[in-house]
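Novice: Got a structure for you, questions after.
Just so it is clear, none of the values below were taken in a lab; they were calculated from the coordinates. The structure presented is a predicted model; accordingly, all values stated were derived computationally and were not measured. Ideal geometry is used to build each Cβ from the backbone, glycine not excepted, and the neighbour counts take in all protein chains shown.
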Amino acid sequence: MTKAMRSPGEAHHEYREIRGFASFDDPDALSYVDSDGRPNFALIQQTDEFRVLRRRLTTFIFPMTALFLASYLTFVLLSAYAKDFVSTKVIGVINLGILLGLGQFVTSIIITLGYARYAKRRLDPQRKLLAEMTGVEE
Amino acid sequence: MPTTGNPVLNLSVFAVFVLITLYIVYRFSSRNVTASDYYAAGSSFTGAQNGVALSGDFLSAASFLGISGGIAAHGYDGFLYSVGWVVAWLVGLLLIAEGLRNTGRFTVGDVLAFRMRQRPVRAAAANATLVISFFYMIAQMAGAGGLIALLLNVTSKWGQAVLIAVVGMVMVLYVLLGGMKGTTWVQIIKAVLLLLCVTMMSIFLLGKFGFSLSGIMQQATENNRLGDAVLDPGAKYGFSSTSKLDFVSLALSLVLGIASLPHVLMRFYTVPNASEARRSVVWATWTMVIFYLCTLVIGFGAMALVGTDKIAAAPGGENSAAPLLAFEIGGAVLLGIVSAVAFATILAVVAGLTLAASASFAHDVYANVIKRGNVEPRREIRVARLTAVVVGFLSILGGIAANGQNVAFLVSLALALAASANLSTILYTIFWRRFNTTGTLWSIYGGLGSCLVLIIFSPVMSGAKTSIFPDVDFAWFPLGNPGLVSIPFSFLCGFLATIFSKREPEMDGKAAEMEVRAISGIGART
């Protein structure tokens, strides 16, 4: 695998959220892994790096879930309770309801690709950072 | 002569095709998988391979036969299934795939019991897995039986029951004789074949109608009793306020249940890391979107070229729409190929389900609950095989009872069960720190129990002409699909039971470990 090049602006942004590599001098930094090689998860949970990661993840997935559920339920409820509206013919005999249904396909693709992109740019680098800092591999 | 051609010719094309695919599968599985990575294939698959296999798990007989049949029979109302199946992926992608992959090993029980008291939670998770897999298997068995009945043109109920039993036994036998280790490759090969098959059929159909979907639908309305109205909602649902609620309930079960199915959840374990799990879902989304667009074309194509009445009268009922369409446009050869692909589909999904069910019983109940972790691997595998036989036998009986029902509808019951028992529990345990053992048990058993009770007392079981037991009437729950009630109920049970029970003492930092692993993936393989 080739290493992704970070643009200078992005790099600056990333480093702002790191506590800094100076923590190598800190005796605590060595104890992310105990003498048996087991990671100290409670300590990792408290780090800023982990909190940033958690915040980035939840601020994406929960609003997106709300969005696609709302869009899907709109389609379902309109089909069930606004029959005349969704029966409006649009292209030939294809009606608005079928088009709304196909629209769900489009939003699914957009959200999937959007998440893949977001994860690659915002989540994976932070995960890598956390793994390097704590010395705990995946 | 029967309308579906010569049974001998049908069957020989079918048999040749099944044998070729099984040979390919056998070659692949003996080359790639060793005995040691029995449950999760050594987490060795790439995201792309796993993505195709993952869509293979979804593209069951229900998707192919049931949904195209649902569209061919009910038009718009059948189309709901296609939409639900696609959107459901987002639940898996955003909420479940990575967290699950990072915290579990082989089964759903691994994740649910991660930071809880092991024995009761593992037992509960295994019970849920067994019940869900059983319902899902019933649909596959009914689908397989109907398919072979169509090929052989068997119309009597008894003859079809014998066929379901024989086909079911062949499938279980295939799983027992070592087919399970190749499940992932079965899924990959079958998913590719199925996709090719539906894409070709769709392109052909569209071409026949001058690449106009509207043209296909226009002619479809001429071969359906409802005429134009079949393109509007309400052909199956929507005549009364109860049936409208039923439509919404079905929609909810579809979108929340699919990514909660145990054999689909297990599929997230066969990749080496979280980013591969994510890549596999992205791959699966593409195949899924193409496939379900094709079901729309095939469903309306079957209505246009075969006609709804003829489909309803064929052996296997609505489920015969796609095979009948294949015969209409490609004769016995295409019928044989489509049936063989559908059969390989069912075989692969049954193998995956049997694996999920027997793994959860052998790994969670037998090894961890009954034997408390002290068990030789050989005995665990013997128990797994025995479970496969029992689950197979029961689902053959269920398949015979459910013969003739739309398999996509039968699957929607399994989905309601999966969403009720698993979804609430998985989301709580990954994202809610306060969630505890009491809450876990309540949300699993509350969801599973309420859902089962509502299915038993629904019009699906008794009281209507289309029921499994039409001669008796003990139905008091009006909806055919209980998801609208049981899914919120399981969330509520889990929430209240947690709030009103004591905070659990921290178990060796397990809660912190789970959160860090689920979100970051670090330490997931230590």
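Novice: Kirkwood-based Rg over Rh for the protein assembly as shown (C-alpha set), two decimals? Intermediate values should be presented prior to the final figure.
Specialist: On the way: Rg = 24.8 Å, Rh = 25.5 Å.
Taking Rg over the Kirkwood Rh, I get 0.98.
Novice: What list of ³J(HN,Hα) couplings, whole Hz, do you get for the range B:334-346 from phi and the Karplus terms 6.51, -1.76, 1.60, once you set θ to phi - 60° and write x for glycine and proline?
Specialist: Each residue's phi maps through the Karplus curve to give 5, 4, x, 5, 4, 5, 5, 4, 4, 5, 4, 4, 5 Hz.
Novice: Averaged across B:266-276, how many Cβ atoms of other chains sit within 10 Å of each residue's Cβ atom?
Specialist: Working: counts 0, 0, 0, 0, 0, 0, 1, 2, 5, 7, 0.
Mean shielding by partner chains, rounded to a whole number: 1.
Novice: Can you sort B:GLU318, B:GLU380, B:GLU513 by how many other beta carbons sit within 10 Å, fewest first?
Specialist: Details: B:GLU318 28, B:GLU380 19, B:GLU513 24.
So the residues, fewest neighbours to most, are B:GLU380, B:GLU513, B:GLU318.
Novice: Something else: Check A:ASN95: other-chain or 5+ apart residues with amide H under 5 Å from its amide H, H built from backbone geometry?
Specialist: Here A:VAL90 satisfy the definition.
Novice: Let me ask something additional. For the range A:77-137, with only Lys/Arg (+1) and Asp/Glu (-1) charged at the beta-carbon, what is the dipole magnitude about the Cα centre, in debye rounded to 20? The partial results should precede the final answer.
Specialist: Details: 8 positive and 4 negative charges, 28 e Å.
About 140 debye.
Novice: Compute the separation of the alpha-carbon centres of the range B:110-136 and the range B:307-383 and state it in Å as a whole number.
Specialist: Between the Cα centre of the range B:110-136 and that of the range B:307-383, the gap is 22 Å.
Novice: Separate question: Could you name the lysines in cross-link range of A:LYS120, using Cα to Cα under 16 Å and dropping any fewer than eight places away on the same chain?
Specialist: Counting by Cα, and skipping residues close in sequence, A:LYS120 has these lysines nearby: A:LYS3, A:LYS128.
Novice: By how many degrees, between 0 and 90 and to the nearest 10, does the Cα long axis of helix B:241-257 differ from the longest principal axis of chain B?
Specialist: Approximately 60 degrees, to the nearest 10.
Novice: Are any of the pairs B:LYS236/B:LYS465; A:LYS83/B:LYS310; A:LYS83/B:LYS157; B:LYS190/B:LYS236 more than 26 Å apart by Cα-Cα distance, and if so, which?
Specialist: Numbers: B:LYS236/B:LYS465 15 Å; A:LYS83/B:LYS310 28 Å; A:LYS83/B:LYS157 38 Å; B:LYS190/B:LYS236 31 Å.
Beyond 26 Å between Cα atoms: A:LYS83/B:LYS310; A:LYS83/B:LYS157; B:LYS190/B:LYS236.
Novice: Apply the Karplus parameterisation 6.51 cos²θ - 1.76 cosθ + 1.60, with θ equal to phi minus 60°, to every residue of the range B:400-409 and state each ³J(HN,Hα) to the nearest whole Hz, in sequence, with x for glycine and proline.
Specialist: My calculation for the range B:400-409 gives 5, 5, 8, 3, x, 6, 5, 5, 5, 5 Hz in order.
Novice: To test your reading of the geometry: what angle, between 0 and 90 degrees and rounded to tens, separates the Cα axis of helix B:157-176 from the longest principal axis of chain B?
Specialist: Helix B:157-176 sits roughly 40 degrees off the main axis of chain B.
Novice: Give the shape of the range B:246-395 as rounded, prolate or oblate, defined through the alpha-carbon gyration tensor: a ≥ b ≥ c are the square roots of its eigenvalues, a/c under 1.5 means rounded, and otherwise the shape is prolate if a/b is larger than b/c and oblate if not. Could the numbers behind the result be given before it?
Specialist: Numbers: a/c = 2.37, a/b = 1.81, b/c = 1.31.
Judged from the Cα gyration tensor, the range B:246-395 comes out prolate (a/c at least 1.5, a/b above b/c).
Novice: Taking the 0 to 90 degree range and rounding to the nearest ten, how far is the long axis of helix B:510-520 tilted relative to the main principal axis of chain B, both from C-alpha atoms?
Specialist: Helix B:510-520 sits at roughly 50 degrees to that axis.
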